[in-house]
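Asks: Provided herewith is a single structure, encoded as structure tokens, for subsequent inquiry.
The values are calculated or read from the model by the stated rules, or taken from the named source; none is laboratory data. Being a predicted model, the structure only gives us computed values, none of them experimental. When we count neighbours, we look across all protein chains shown, and the Cβ atoms used for this are built from the backbone with ideal geometry, even at glycine.
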Amino acid sequence: MSVDWTHFTPWTSLAGGMLIGLAAAMLVLLNGRVAGISGIVGGLLVPRRGDIGWRLAFVGGLLVAPAAMAFYSVNPRIDAGFATLALAGLLVGAGTSYGSGCTSGHGVCGISRLSPRSLVATAVFMLAGMATVFLWRQLA
Amino acid sequence: MSALGAFLAGLVFGLGLILSGMTDPGKVIGFLDLTGNWDPSLAFVMGGAVQVGFLAFAIARRRTRNFLGGAMRVPDRRDIDARLVGGSAVFGIGWGLAGFCPGPALVSFGSGQDKAAVFVAAMLLGMLVYTIAERTRRTSAAA
């Protein structure tokens, strides 16, 4: 193992992480909800009366974030092709639905509340992600 | 009022994802690439988020109503079942393939990237497949 010092960004990553934590704090204290993106989006596919507005508003906030931060340029490295992205999207959509959460709901909020389910889920998706990248590197 | 709060929470969440580097799939894959050229940044994202989140949920735990007077709907399940483990494993595979998880994918879609749009469309389809499969399962169980 070697550390990728070129791309390592401890300070902006820490600050960005704290903003994510602040957002989770806002949502739980103002709306009584856990900031789990997959759950918030998934709930829009089975809409229930009185439970749609806050979900749309939250997703709207996510979508306008790049415009609000246009001064901060990010050059995303998206190596995956369209077919891989489509397959990955399907797996992420179905997997987070069955697993009741993703990096935000389980990873951030769940670990913050020391939920045993979220600790297990986070360990599993981290290990599965690492194994996938490892195997992908062997094939490439 | 609660919709405005949710919008601001989504906005701050998105800003955090951009600043932290999570909207760069290469950076996410760099973190998952333990045996390669490892980028530890994502551990700092998690660390920062959990520090603040820990305080927030400590406050939330002591409340029966949120600050706007509405109900608290924090999950309370504690059981670890095959769906949790299997679903999380499938999610992890997809995450490792693309370097996108749901939040950063939506933010990248918001910045107009066609690759993120494909990922988001497929993700919604995956969620829809689950919704339909669950509905079918419940209907056949009830019959």
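Asks: I'm told B:G48 meets every condition in (1) within 19 Å of A:A88 (Cβ to Cβ); (2) in contact (Cβ under 8 Å) with a residue 24 or more places away in the chain except one. Can you identify the failing condition by its number?
Replies: Unmet condition: (1).
Asks: Right, another one. Being within 22 Å of B:A9 (Cα to Cα) and crowded, with 24+ Cβ neighbours inside 10 Å is the filter here, so list the residues in the stretch B:83-109 that pass it. Working first, answer last.
Replies: Step one: list which residues in the stretch B:83-109 are within 22 Å of B:A9 (Cα to Cα), which gives B:100-109.
Across the stretch B:83-109, the qualifying residues are B:F100, B:C101, B:P102, B:G103, B:P104, B:A105, B:L106, B:V107, B:S108.
Asks: Further question on the same structure: Just wondering, is there one or more residues in the stretch B:115-124 that are surrounded by fewer than 19 Cβ atoms within 10 Å (Cβ to Cβ) and either over 18 Å from A:G43 (Cα atoms) or touching a helix residue (DSSP H, G or I) at 6+ places or on another chain (Cβ under 6 Å) (or both)?
Replies: The initial filter retains those residues of the stretch B:115-124 that are surrounded by fewer than 19 Cβ atoms within 10 Å (Cβ to Cβ), namely B:117, B:121, B:124.
Subsequent filtering for residues that are either over 18 Å from A:G43 (Cα atoms) or touching a helix residue (DSSP H, G or I) at 6+ places or on another chain (Cβ under 6 Å) (or both) retains B:117.
Yes, some residue in the stretch B:115-124 is surrounded by fewer than 19 Cβ atoms within 10 Å (Cβ to Cβ) and either over 18 Å from A:G43 (Cα atoms) or touching a helix residue (DSSP H, G or I) at 6+ places or on another chain (Cβ under 6 Å) (or both).
Asks: Does A:G21 count as at the interface with chain B (Cβ under 7 Å from one of its Cβ atoms), assigned to a helix (DSSP H, G or I), surrounded by 24 or more Cβ atoms within 10 Å (Cβ to Cβ) and without any contact (Cβ under 8 Å) to a residue 60 or more places away in the chain? Before you say what the answer is, go through the steps one by one.
Replies: Working: at the interface with chain B (Cβ under 7 Å from one of its Cβ atoms): yes; assigned to a helix (DSSP H, G or I): yes; surrounded by 24 or more Cβ atoms within 10 Å (Cβ to Cβ): yes; without any contact (Cβ under 8 Å) to a residue 60 or more places away in the chain: no.
Against the criterion (at the interface with chain B (Cβ under 7 Å from one of its Cβ atoms), assigned to a helix (DSSP H, G or I), surrounded by 24 or more Cβ atoms within 10 Å (Cβ to Cβ) and without any contact (Cβ under 8 Å) to a residue 60 or more places away in the chain), A:G21 does not qualify.
Asks: Which one of A:A57, A:A86, A:A65 is in a helix (DSSP H, G or I), farther than 24 Å from A:A23 by Cα and modelled with pLDDT of 95 or more?
Replies: Values: A:A57 fails: farther than 24 Å from A:A23 by Cα; A:A65 fails: farther than 24 Å from A:A23 by Cα.
The match here is A:A86.
Asks: Can you spot a residue in the stretch B:48-68 that is more than 7 Å from chain A (Cβ to nearest Cβ) and more than 30 Å from A:G50 (Cβ to Cβ)? If you could, list the steps in order and put the result at the bottom.
Replies: Pass one, the stretch B:48-68, residues more than 7 Å from chain A (Cβ to nearest Cβ): B:55, B:58, B:61-65.
Filter once more, so that each one left must be more than 30 Å from A:G50 (Cβ to Cβ): none.
No, the stretch B:48-68 contains no residue that is more than 7 Å from chain A (Cβ to nearest Cβ) and more than 30 Å from A:G50 (Cβ to Cβ).
Asks: I'm checking my understanding of the structure. Among residues of the stretch A:68-83 that are more than 7 Å from chain B (Cβ to nearest Cβ) and at pLDDT 95 or above, which one is nearest to B:F31 (Cα to Cα)? Give the steps one after another, and end with the answer.
Replies: Initially, the stretch A:68-83 is screened for residues more than 7 Å from chain B (Cβ to nearest Cβ), giving A:70-71, A:73, A:75, A:81, A:83.
With at pLDDT 95 or above added as a condition, the list becomes A:81, A:83.
Values: A:G81: 20, A:A83: 23 Å.
Step by step, filter the stretch A:68-83, then rank; the result is A:G81.
Asks: A:A140: more than 19 Å from B:T23 (Cα to Cα) and buried (at least 21 other Cβ atoms within 10 Å of the Cβ), yes or no?
Replies: Working: more than 19 Å from B:T23 (Cα to Cα): yes; buried (at least 21 other Cβ atoms within 10 Å of the Cβ): no.
So A:A140 fails the test.
Asks: Right, something else. Would you mind listing the helices (runs of 4 or more DSSP H) fully within the stretch B:1-71 where at least 1 residues are modelled with pLDDT of 95 or more and more than 21 Å from the chain's Cα centre (by Cα)?
Replies: Values: elements: B:2-20, B:25-32, B:41-61.
It comes to B:41-61.
Asks: Out of all the residues in the stretch A:89-105, which are more than 7 Å from chain B (Cβ to nearest Cβ) and either in a helix (DSSP H, G or I) or of a type in the set (D, E) (or both)?
Replies: Residue satisfying the conditions is A:G105 alone.
Asks: crowded, with 19+ Cβ neighbours inside 10 Å, within 16 Å of B:G86 (Cα to Cα) and at the interface with chain B (Cβ under 7 Å from one of its Cβ atoms): does that describe A:T122? Reasoning before the result, please.
Replies: Details: crowded, with 19+ Cβ neighbours inside 10 Å: yes; within 16 Å of B:G86 (Cα to Cα): yes; at the interface with chain B (Cβ under 7 Å from one of its Cβ atoms): no.
So A:T122 does not fit the description; no.
Asks: Among the listed residues A:R33, A:R48, A:R55, identify the single one that is within 16 Å of B:A71 (Cβ to Cβ), without any contact (Cβ under 8 Å) to a residue 60 or more places away in the chain and more than 8 Å from chain B (Cβ to nearest Cβ).
Replies: Only one candidate qualifies: A:R48.
Asks: Which of (1) buried (at least 22 other Cβ atoms within 10 Å of the Cβ); (2) farther than 30 Å from A:F134 by Cβ is the odd one out, the single condition A:I37 does not satisfy?
Replies: Result: A:I37 passes all but (2).
Asks: More than 14 Å from the chain's Cα centre (by Cα), more than 7 Å from chain A (Cβ to nearest Cβ), assigned to a helix (DSSP H, G or I) and within 21 Å of A:A128 (Cβ to Cβ) - does that describe any residue in the stretch B:74-93?
Replies: yes
Asks: Output the residue which, of all residues in the stretch B:128-143 that are out of contact with any helix residue (DSSP H, G or I) (no Cβ under 8 Å at 6 or more places or on another chain) and not hydrophobic (A, V, I, L, M, F, W, C), is farthest from A:I40 (Cα to Cα).
Replies: The qualifying residue farthest from A:I40 (Cα to Cα) is B:S140.
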